[in-house]
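Report on the following structure.
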Amino acid sequence: MVTIRAATVADQARIQAIVRAARINPRALGWQHFMVANSPDGAVVGVGQVKEHRQGTREIASIAVTPSHMKMGIAALLIDALVAREAGDLFLYCERGLSHFYRRFGFLELSGDHLVPADLLHEVKLARFAMRVIRLIRRSELQLVVMRRLAERHPATFRAMLPPPADSP
Ligand SMILES: CC(C)(COP(=O)(O)OP(=O)(O)OC[C@H]1O[C@@H](n2cnc3c(N)ncnc32)[C@H](O)[C@@H]1OP(=O)(O)O)[C@@H](O)C(=O)NCCC(=O)NCCS
């Protein structure tokens with residue numbers, strides 16, 4: 001069985017190796033922000049983090065699983081564990097083809113950059129630039145989308161936001 005746990009300093013090199021092999025953003029990979037997935041033999045086979053940006057925006061990032069362990073639900077376990085530690089709204093950006101995967105966890109695509117917090121938008125613009133270069137080299141049609149997951153409100157607070165039922169006095 002795969003287990004998910006908070007990373008320790010001993011995981012730093014493995015986190016970097018998995019993220020680099022996955023060819024996703026190799027910057028800001030401090031182990032303090034990561035959770036990792038251990039296979040039954042103890043090897044780290046998946047990683048993911050929540051990054052905090054300059055003005056406090058929190059972003060799920062660096063989700064990566066080693067090729068030998070893909071399609072076993074490990075990314076889903078990591079995302080569930082990362083989300084469970086968060087109290088507020090979360091963002092992420094990903095290639096459009098992956099957005100349906102993140103919708104399963106409550107993330108929805110933002111319809112425009114005006115909805116993206118400024119501190120995250122800075123990073124998204126850098127990523128789009130890198131993507132344009134990759135598109136030229138690989139002649140692929142990759143496109144980035146930004147997604148947001150609203151924090152779960154306390155049920156009583158949420159009920160107070162709803163209009164009263166039609167038959168109420
Ligand atoms: C994306 C990734 C993290 C998924 O890990 P995983 O442990 O295999 O994921 P799970 O087993 O929990 O779920 C598999 C789902 O991944 C999705 N998926 C994986 N790669 C995908 C791709 N290239 N395009 C679209 N969907 C993809 C599928 O929706 C699949 O869902 P399915 O079960 O309906 O087929 C893994 O493929 C990976 O490490 N990729 C390289 C790094 C990367 O792209 N990270 C995401 C950065 S936003």
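For the range 84-114, a residue qualifies if it is surrounded by 12 or more Cβ atoms within 10 Å (Cβ to Cβ) and either in a loop (DSSP other than H, G, I, E, B) or among the polar types (S, T, N, Q) (or both), and the qualifying residues are GLU86, ASP89, SER99, PHE105, GLY106, PHE107, LEU110. Annotation note: Cβ proximity below 8 Å between a residue of the range 82-109 that is touching a residue at least 40 places away in the same chain (Cβ under 8 Å) and a residue that is assigned to a helix (DSSP H, G or I) and within 11 Å of the ligand (Cβ to nearest atom) (sequence gap 6+ or interchain) occurs for LEU92/TYR102; TYR93/ALA127; CYS94/TYR102; TYR102/ILE79; PHE105/ALA76; PHE105/ILE79; PHE105/ASP80; PHE107/SER99.
Given the criteria away from the ligand (no atom under 12 Å from the Cβ) and among the aliphatic types (A, V, I, L, M), does VAL65 qualify?
Numbers: away from the ligand (no atom under 12 Å from the Cβ): no; among the aliphatic types (A, V, I, L, M): yes.
For VAL65, the condition - away from the ligand (no atom under 12 Å from the Cβ) and among the aliphatic types (A, V, I, L, M) - is not met.
Answer with yes or no whether ALA37 is within 12 Å of the ligand (Cβ to nearest atom) and in contact with a Gly (Cβ under 9 Å, 6 or more places away or on another chain). Here the answer is yes, as ALA37 does meet what is asked.
Can you work out which of the residues in the range 11-27 that are surrounded by 15 or more Cβ atoms within 10 Å (Cβ to Cβ) and modelled with pLDDT under 95 is farthest from the ligand (Cβ to nearest atom)? Among those residues, the one meeting the criterion is ASN25.
The values are calculated or read from the model by the stated rules, or taken from the named source; none is laboratory data. Because the structure is a prediction, the values reported are computed rather than measured. All Cβ positions, even for glycine, are placed from backbone atoms using ideal geometry, and neighbour counts span all protein chains on display.
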